[in-house]
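Written out below as structure tokens is the structure these notes cover.
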Amino acid sequence: MNNNKLLIICYSFPPSPGIGGRRWAKFANYLHRLGMDIQVLSAQYNGNEKSEWQKDTLALEKDKRLHYFNPNYPAIIQSVPEKLVQKFKYHYELTLLKRRVKGNFYDRSSLCKKNLLSSVEKFVKQGYSNIIISVGPFYYSKHLLEIKKTYPQVKLFLDVRDPWTNNKTAFGYWNLTKERFAIEKQAEAEVANGYDKIFTVADDIGEYFKTEYQIAEDKIVTLKNGFDPLDFSEGHANKPSKKVIIFTGNLYEKAEKSFVMLVNQLKKMRRDNDPFFNHYEIQFYGQIHQSFAHYFSPYINLNYNGNIPLAEVFNKIAESEACLLFLTDDLNFSFSTKFYEYLSQKKPIIVFSSPGKTGAFVEEHNLGRQATEDNLLKIVNEIEQNNFYKSNFDISEFEVGNLAKQLMNHLDLREGDVKPEKVLFVAYQFPPAGGPGVQRSIKFVRTLRNCNYEPVVLTIDTEDIKKMGGKMDESLAGLIPAQTQIIRVSSYQSFNLNKVLNTLRVYRLFWYLLYPFFWEKSALWPWRVYKQAKTIVSDNNIRLVYTTSGPFSSLILGYLLKRKLKIKWVADLRDPYTDGYQWSFPSKLHWYTMRRLERFIFSKVDQLIVNTEEVKKLYLKRNLIKADKINVITNGY
């Protein structure tokens with residue numbers, strides 16, 4: 001790959017709902033952050049239900065990188081008809097569809113050839129000669145082969161999320177006639193041989209292509225699903241009245257055999273009056289096939305709660321003691337999105353399926369257990385004894401950001417093509433300083449590097465921390481990436497002035513008469529460090545400054561740099577400003593003065609970050625800032 005232009009084609013990309021768009025919404029978001037020039041092409045979606053991952057596409061949408069083609073597929077076929085008129089229309093359209101489509105008429109991409117190719121050709125002419133297409137649906141990957149006939153320089157990459165003709169769980173391939181199945185089989189063979197590289201979510205899918213179509217080893221790459229740390233927040237978990245074992249996501253019809261393994265054990269335990277039911281309940285969130293509904297019963301503490309928002313799903317996982325997977329016999333090697341979401345929160349994973357690679361994996365790494373017909377109680381006892389996640393199993397390899405970098409390497413994107421953007425990171429409190437004030441900065445510095453930003457940290461001198469009697473924790477310095485540039489400037493002179501004034505017993509006089517300059521012990525630090533901060537910005541071609549407060553005097557430095565250098569400024573408040581509990585003002589006039597200063601400062605920031613919705617609501621109620629300029633980023637792990 002000789003440039004960083006990439007066209008991503010994903011039929012179910014957000015705003016289309018459902019899990020089908022999640023993988024490439026995440027990858028596209030991270031690839032965009034990593035500096036790749038990407039465009040996304042997706043099927044038009046006109047429904048009312050929206051994707052849970054639409055937030056991951058906001059930057060792409062803002063940059064006008066999302067595009068759509070008409071799939072030319074009847075919408076009625078994608079729904080479940082309820083009324084008589086709807087049923088008549090459904091069967092009428094299905095009859096027409098069977099005539100028009102020679103292969104799998106349930107493949108939603110089967111009729112989009114003309115619209116797809118005309119859209120793709122526009123991007124190829126703009127230099128987007130590297131194209132990756134996500135399947136299923138599958139047949140539009142065969143349509144795309146036509147583009148290579150006209151533009152042989154194009155490189156085609158296939159991303160296989162689900163099995164194609166050997167799929168026994170979805171897309172209806174097991175019900176096709178021999179003639180229709182043969183057409184799909186031929187299409188699969190042409191795609192397997194015609195694409196330059198094939199990515200799969202599991203080794204077994206790759207092995208299928210190797211053995212079925214003799215595809216070369218170096219043409220197959222396993223690029224697993226993963227979890228996004230930015231999806232999770234810390235501190236929202238509540239303790240339910242009973243301990244909870246949870247399932248989230250879709251429970252497919254063909255997973256009934258695995259599901260019944262759980263139900264039968266619960267029924268036996270109830271007949272035996274097992275104390276399990278006094279302490280545990282099992283909660284299901286998501287979509288289930290209607291044939292499962294009768295299994296759920298309070299009698300066996302098995303409850304179905306329907307769909308809930310994704311943010312609530314993560315909270316439910318956090319509250320749980322363990323999590324469930326139900327796999328079909330043909331997919332007992334599957335590592336689904338929900339698997340990695342469970343893994344990210346280090347929850348024991350109980351795999352209900354015939355013995356397979358997924359169960360073996362959790363057993364090998366002590367992440368959970370493979371369930372059998374009679375070992376549920378044994379697994380629960382292990383949960384009680386906290387027997388899981390004892391080894392140093394590194395889950396970071398499954399972070400979406402790291403997977404996106406793997407994808408870049410497999411697409412042969414040269415490392416030099418992507419340069420991280422430097423950000424001036426102003427953090428008065430920073431390791432080796434200890435205490436709660438540094439935790440957020442540590443996590444942000446680490447995360448920014450994963451998002452192709454290189455923080456240049458500006459903080460106070462280490463010796464000053466000691467002189468001022470601050471807490472020290474040398475171990476925290478080890479959490480900062482070794483290559484992070486940290487510039488330390490003394491703050492002791494401004495602190496020492498306060499100390500001298502206190503010794504002379506005139507500090508409160510100065511504090512009262514010149515309160516804006518003495519409201520914090522660090523209040524003079526921005527003026528002392530301002531000149532050096534300007535040099536750092538100029539020398540490093542920095543376009544954005546980030547300040548974290550408290551101390552709130554750092555806001556002054558952010559404002560000065562923005563005003564003088566015309567750069568962007570993001571202000572992060574770990575605590576409220578004048579509404580904070582820690583402030584005591586000399587008089588009503590002083591309080592009013594600082595409120596005016598607060599309003600002025602907030603009017604100058606490009607983006608304000610607070611860590612709770614309550615603070616955001618307070619600031620909006622006070623009309624301190626516009627709604628589109630304030631965001632909530634909670635504290636996290």
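The values are calculated or read from the model by the stated rules, or taken from the named source; none is laboratory data. Note that this is a predicted model, so its numbers are computed, not measured. Positions of Cβ are backbone-derived with ideal geometry, glycine not excepted, and every protein chain shown enters the neighbour counts. Heavy atoms of the whole protein, side chains included, go into the accessibility calculation; ligands, DNA and RNA do not. Shrake-Rupley method; radii C 1.70, N 1.55, O 1.52, S 1.80 Å.
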(1) without any contact (Cβ under 8 Å) to a residue 40 or more places away in the chain; (2) closer than 18 Å to V445 by Cα; (3) out of contact with any Ser or Thr (no Cβ under 9 Å at 6 or more places or on another chain); (4) among the aliphatic types (A, V, I, L, M): which one isn't true of A571, the others all being true? (3)
Considering segment 357-382 alone, what residues qualify as being of a type outside the set (S, T, N, Q) and open to solvent by 20 Å² or more (accessible area, probe 1.4 Å)? K357, A360, F361, E363, E364, H365, R369, E373, D374, L377, K378, E382
Subset of segment 425-460 (residues that are assigned to a helix (DSSP H, G or I) and open to solvent by 20 Å² or more (accessible area, probe 1.4 Å)): P436, Q439, K443, F444, R446, T447, L448, R449, N450
Considering only segment 102-144, how many residues are surrounded by 17 or more Cβ atoms within 10 Å (Cβ to Cβ) and either more than 32 Å from the chain's Cα centre (by Cα) or on the phi > 0 side of the Ramachandran plot (or both)? 4
Can you name the residue in segment 178-229 that is among the polar types (S, T, N, Q) and in contact with a helix residue (DSSP H, G or I) (Cβ under 7 Å, 6 or more places away or on another chain) and is also farthest from K142 (Cα to Cα) among such residues? N225
Extreme residue, nearest to N193 (Cα to Cα), among residues of segment 133-151 that are among the aliphatic types (A, V, I, L, M) and not in a helix (DSSP H, G or I): L145
Taking into account only those residues within segment 611-628 that are assigned to a helix (DSSP H, G or I) and open to solvent by 70 Å² or more (accessible area, probe 1.4 Å), which is farthest from D579 (Cα to Cα)? D628
Could you tell me whether K168 is charged (D, E, K, R) and open to solvent by 60 Å² or more (accessible area, probe 1.4 Å)? yes
Search result, residues across segment 591-610 that are open to solvent by 20 Å² or more (accessible area, probe 1.4 Å) and assigned to a helix (DSSP H, G or I): W591, Y592, T593, R595, R596, L597, R599, F600
Keeping to segment 171-185, report how many residues are closer than 27 Å to L223 by Cα, modelled with pLDDT under 95 and open to solvent by less than 50 Å² (accessible area, probe 1.4 Å). 2
Residue that is surrounded by the fewest Cβ atoms within 10 Å (Cβ to Cβ), among those in segment 191-211 that are in contact (Cβ under 8 Å) with a residue 60 or more places away in the chain and of a type outside the set (D, E): K197
Looking at the structure I just gave you, is Y546 touching a Phe, Trp or Tyr at 6+ places or on another chain (Cβ under 7 Å), modelled with pLDDT of 85 or more and not aliphatic (A, V, I, L, M)? yes
Residue in segment 90-100 that is of a type outside the set (D, E, K, R), in contact (Cβ under 8 Å) with a residue 40 or more places away in the chain and in a helix (DSSP H, G or I) present: no
Here are some residues: K316, K347. Which one is open to solvent by 40 Å² or more (accessible area, probe 1.4 Å), over 25 Å from K268 (Cα atoms) and within 25 Å of the chain's Cα centre (by Cα)? K316
Restricting attention to segment 385-395, which residues are surrounded by 11 or more Cβ atoms within 10 Å (Cβ to Cβ) and free of Cβ contacts under 8 Å to residues at least 40 places away in the same chain? N387, F393
Return the residues of segment 292-318 that are in a helix (DSSP H, G or I) and more than 18 Å from F227 (Cα to Cα); say none if nothing qualifies. F292, A293, H294, Y295, P298, Y299, I300
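Here is a yes/no grid of residues against (1) in contact with a His (Cβ under 9 Å, 6 or more places away or on another chain); (2) under 30 Å from R271 (Cα atoms); (3) crowded, with 18+ Cβ neighbours inside 10 Å; (4) among the aromatic types (F, W, Y):
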position	(1), (2), (3), (4)
S297	no, yes, no, no
I308	no, no, no, no
A322	no, yes, yes, no
F352	no, yes, yes, yes
Taking segment 533-564 only, how many residues are open to solvent by less than 80 Å² (accessible area, probe 1.4 Å), assigned to a helix (DSSP H, G or I), farther than 16 Å from E421 by Cβ and in contact (Cβ under 8 Å) with a residue 12 or more places away in the chain? 11
Condition test on A571, is it modelled with pLDDT under 80, buried (at least 16 other Cβ atoms within 10 Å of the Cβ) and within 25 Å of G470 (Cα to Cα)? no
